Amino acid sequence: MAVFEGDLSFFAFGSRLLRLRQPNMRGTDVKVLQDLYDQLVRITNPPLGPVGPEIDVDGIFGPETDSAVRNIQSYFGLAVDGIAGPQTYLVLGQAVGPNVTYGGPGFGSRNLSEGSTGGDVTVLQNRLNCFRYSQVLAGPANGIYGFSTTGAVSDFQVDAIRNGDAGVPISGEVGFETFDALWIYTYAGGRNLALGSRGLDVAWVQLFLSSKTSSLNRAYYTGRVDGYFGTLTQNAVRLWQSDNGIPLTGVVGPLTYFSIGFNNPNAAPAPAPLPPEPRPLAIPCCVVLRKTPVVPPSAPDAVGAALTSVQAGRQAVSVLAVGLPAPSTFGNFDSYEGLVTIPIIGAFGFGLVPTTSPFQPLTWAGSVDLIQPELTVQATVSVRPANSETGTSGPDVLLGTLSGCIG
């Protein structure tokens, strides 16, 4: 379980009505709601109504959260009843019930992995495509969870850990920890945005367009970041589309989300402040492993991740790699192996095991326990093809550096 969830039970955001009652409702969905309210307070201009400036993000639906929900409803012109239902969720970027988008199923209603298809996959890809993960996805959302989506999710999971949410698995699959991270790190992509739309996702698009300079040598969006998609926002979107070779629809859909991410080198932002981590959950040291020039063009989405962990005073390095071609691509090899090289100390090799998933390409994973209890200097982590019978190894195909890791 990741730091964000703590000791709360997981409820998919939008899966139940949230309201003030006794005893107070508790759960991760309440915590996501509180976090997104704080994000609204931070980025809207003028600020979101009179309540605030922010509320506690503790996962307990008390009077303060009731006031926050009413404030959201009032600000966006919804019925003010203090109940977080489908319309309230929609302005927070989560389409549920009658509002489900892209043909469904609803985002967060099931786990997602390679081979999954549907509207929830489209939402996942849209959300990732708003950031640098578009470079891995390499195209607009198509609703098909292939190896490029696995790579993008793995990359996002590494960033989630770097942002402080220790415990998010680097699996390339989307389970409850990753859904929570997506809701609190990525605000747009759950639906198409057009004239008349309103919500946090609209405010995020306005904020992004206000940070970019157009062909007219001024910001694309020059209005208030208020979360209302009016004609000023529509004109900004059309100008963005014109500058990026996209049909001038004025609608923010999968193609426009992809173009946003293609021009956004940033990782998804950090969530609202998380509680201090206890020592056993110290933020692990991690790095994305990038492909080397020996990887052929037929494997454009090859990517990996290395993550340290500490157990019983010993440190381990775990590696996961996706999108790799067959080992035989590089010669007389039948498997992959990992290698951790620590300056002065030496090198530690270990085998990587392929998944049993029927989907291609395989995911290779493995780990090694280190003799040294701490990595206090730069350590090179690589993945390379190997021959399990002869013990020979090939060239590095993925490479990265762990720096300043502590036990």
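The values are calculated or read from the model by the stated rules, or taken from the named source; none is laboratory data. Owing to the predicted nature of the structure, the values given are computational and were not obtained by experimental measurement. Here Cβ is always computed from backbone atoms with ideal geometry, including for glycine, and neighbour counts include all displayed protein chains.
What to note about this one:
- Test: residue in the stretch 108-121 that is in contact (Cβ under 8 Å) with a residue 60 or more places away in the chain, on the phi > 0 side of the Ramachandran plot and either in a helix (DSSP H, G or I) or not basic (K, R) (or both): yes
- Of residues in the stretch 139-161 being under 18 Å from K291 (Cβ atoms) and hydroxyl-bearing (S, T, Y), the one surrounded by the fewest Cβ atoms within 10 Å (Cβ to Cβ): S148
- Scan of the stretch 79-106 for residues that are under 24 Å from R26 (Cβ atoms) and over 21 Å from the mean Cα position of the chain (by Cα), ordered by number: V80, D81, G82, I83, A84, G85, P86, Q87, T88, G97
- Whichever residue in the stretch 11-46 is closer than 16 Å to V96 by Cβ and surrounded by fewer than 22 Cβ atoms within 10 Å (Cβ to Cβ) and, among such residues, is nearest to the chain's Cα centre (by Cα): A12
- When the residues of the stretch 47-64 are filtered to those that are at pLDDT 95 or above and crowded, with 20+ Cβ neighbours inside 10 Å, the one that is nearest to L36 (Cα to Cα) is G59.
- Condition check for V136: in contact with a Gly (Cβ under 6 Å, 6 or more places away or on another chain) and hydrophobic (A, V, I, L, M, F, W, C): yes
- Qualifying residues in the stretch 394-407 (those that are modelled with pLDDT of 65 or more and surrounded by fewer than 17 Cβ atoms within 10 Å (Cβ to Cβ)) - the one farthest from the chain's Cα centre (by Cα): P395
- Once the stretch 126-138 is narrowed to residues that are in contact with a Ser or Thr (Cβ under 8 Å, 6 or more places away or on another chain) and within 20 Å of A299 (Cα to Cα), the residue that is surrounded by the fewest Cβ atoms within 10 Å (Cβ to Cβ) is A138.
- Filter result for the condition that a residue is in a loop (DSSP other than H, G, I, E, B) and either under 20 Å from G261 (Cα atoms) or at pLDDT 95 or above (or both), over R224, R191: R191
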